[in-house]
Amino acid sequence: MKKIILPFQRVLIQKRLCVGCTSPLDKAKKLGKLSERRELVECKCRRRYVYNKELNEYQRASFQEEQQLLKELNKKPVL
Ligand SMILES: [Zn+2]
């Protein structure tokens, strides 16, 4: 028997809502730019998303993207 898992998370993101607490991502805190078109934002529940200006949509931030940006924001040398 196949389980049908509805992609709730994807639906929520398409509606520009946080998958964890359903807060509007447009009100999420902007942490900084990943590139010209991509911005890292953090919801009040501390989940992080990448806002793509070109597509005008949000995506879950990958671990690498978070680490890369946080490193740049902190400007700490990593040894
Ligand atoms: Zn949230």
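Read the figures in this text as sums done on the coordinates, not as results from a lab. Keep in mind that this is a model prediction, so the values were computed, not measured. All Cβ positions, glycine included, derive from the backbone under ideal geometry; neighbour counts span all protein chains shown.
Worth pointing out:
- Once exposed loop GluC sites (Glu not before Pro) are cut out (DSSP; at most 16 other Cβ, 10 Å), longest piece of the chain: 1-35
- Electrostatic dipole magnitude of the chain [Cβ: Lys, Arg +1; Asp, Glu -1; Cα centre; debye, to 20]: 280 debye
- When the Cα positions of Leu70, Cys45, Ile13 are compared along the charge dipole of the chain, Cys45 comes out farthest toward the positive end, with charges on each C-beta of Lys, Arg, Asp and Glu.
- Taking Leu55, Leu34, Leu17 as the candidate residues, the one with maximal mean-square fluctuation in a Gaussian network model of the chain, Cα springs under 10 Å, is Leu55.
- 10 Å binning of all Cα-Cα separations within the chain, expressed as whole percents from 0 upward: 19, 46, 24, 9, 2, 0
- Burial ordering of Ser35, Ser23, fewest other beta-carbon atoms within 10 Å first: Ser35, Ser23
- For the chain, the relative contact order comes to 20 percent (Cα pairs under 8 Å, sequence separation of at least 6).
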